[in-house]
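The values are calculated or read from the model by the stated rules, or taken from the named source; none is laboratory data. Note that this is a predicted model, so its numbers are computed, not measured. Cβ placement follows ideal geometry from the backbone for every residue including glycine, while neighbour counts extend to all protein chains displayed.
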Amino acid sequence: MAGDTLTSSEYIKHHLQNLTFGKLPDGGWGIAHSAEQAKEMGFWAVHLDTLGFSFGLGILFLFLFHRAARRAQAGVPGGLQNFVEWVVEFIDGTVRGSFSGRNPMVAPLALSIFIWIFLMNFMDLIAIDLMPWIAHALGVPYLKIVPTTDPNATFGMSLAVFVLILYYSVKIKGVGGFVGELTLQPFGKWGLPVNLFLEGVNLIAKPVSLALRLFGNMYAGEMIFILIAVMYGAGWMFGAFAGLLQVGWAIFHILIITLQAFIFMTLTIVYLDMAHQEHH
C-alpha cells in the first residue's frame, strides 16, 4: 500500500502504527493521524484496531462453537462438529495432564485462551497490505489487524490470568498460607527478606513472561512479513525472491501461531495448578 509515495522506513512505521483514539493537542478527542499525535495522547489513548479485532474474533469464536453445540448430533457429525470435538478433546487431555486440582473453570478457560489467541495470531497470515489498503480507501489512517502484536492486548490477557492466580492462591491456601508461601520459602523464617524477594520476583514474572513471550514472537513474525513486502518494491529479482520467502515464512508461521497459543494456554494451566497446591 502506498508503495509509490512512502519510503521503506515510512512504510514500515506506517504498518507498525495502531489506529489510536485519544485526546488531541487542541484539547479535543479524536483519532491520531500521525505517530507523533498518537504518542502525545499519552497513557489513556485507546488502540481501536486492537480492541475491535480482539472482540470481533472473540465473538466469532463464541458463534462457531455455539453453532457447533446447537447442531451437534449423535450420528455422523459434520465438519464443524468434528473440528470442535477434536479441539475440546485435545484441550481436555492437556488440562488433565497438567492440572492436578479440581476446578471446572480451568478447562473452559484453557479452551477460550487457545482458540481466541490462535484466531488473533492467525490474522498475521492475511496479506500485509490488504486490510490497511481497504482502511485507507475508507479514510482510516492506520490499521493493525493482529491484536497480539500489541503489548496492551497481551498484557491485558496475562494480567487477567494473574488475577485468577492470586484469587485461587488466597482461596485455596488462605491469606495466611499465601503470605507464608511468599515469606517462608525456600529458606524458612530466618531468610524472610530473601524469601520475599525471590518469591515476589517469581510471582511477578508469571504475567510478564506470558505477555512478552506472545507479543515478542508475534511482533517479530509481523516484522518479517513487512520486510518481505518491502522487497517487492526493489526490482523484479528481489520481488521474485520475496514471493518465495513469503510462502515459506507463511507456512512456517502456521506452526508459530499455533505454538504460541498452546504455550500461553499451557502456562496458564500450570500456574493455576500451582495456585491450587497447598504447601505444608
Any idea how many residues of segment 55-81 are closer than 16 Å to LEU111 by Cα and small (Gly, Ala, Ser)?
-> 3
Qualifying residues in segment 181-195 (those that are surrounded by 15 or more Cβ atoms within 10 Å (Cβ to Cβ) and closer than 23 Å to LYS171 by Cα) - the one modelled with the lowest pLDDT = LEU184
Looking at (1) modelled with pLDDT under 95; (2) under 21 Å from the mean Cα position of the chain (by Cα), which is the only condition ASN202 fails?
-> (2)
Quick one: LYS13 ticks every box in (1) over 28 Å from LEU267 (Cα atoms); (2) free of Cβ contacts under 8 Å to residues at least 12 places away in the same chain; (3) of a type in the set (Lys, Arg) except a single one, so which number is it?
-> (2)
Would a scan of segment 6-20 turn up a residue that is at pLDDT below 95, within 24 Å of the chain's Cα centre (by Cα), closer than 30 Å to MET231 by Cα and among the basic types (Lys, Arg)?
-> yes
Working carefully through the options GLY221, GLY233, GLY177, GLY200, find the one that is small (Gly, Ala, Ser), more than 30 Å from ASP150 (Cα to Cα) and touching a residue at least 12 places away in the same chain (Cβ under 8 Å).
-> GLY177
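Quick grid of which residues meet (1) among the β-branched types (Val, Ile, Thr); (2) farther than 30 Å from ILE12 by Cβ; (3) surrounded by 13 or more Cβ atoms within 10 Å (Cβ to Cβ):
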| position | (1), (2), (3) |
| --- | --- |
| TYR167 | no, yes, no |
| PHE178 | no, yes, yes |
| LEU198 | no, yes, yes |
| VAL201 | yes, yes, no |
| ILE226 | yes, no, yes |
| VAL230 | yes, no, yes |
Is there any pair with a first residue in segment 85-102 that is closer than 15 Å to THR268 by Cβ and a second that is aromatic (Phe, Trp, Tyr) whose Cβ atoms are under 9 Å apart and which are 6 or more apart or on different chains, and what are they?
-> ILE91/PHE114; THR94/PHE114; THR94/PHE262; GLY101/TYR168
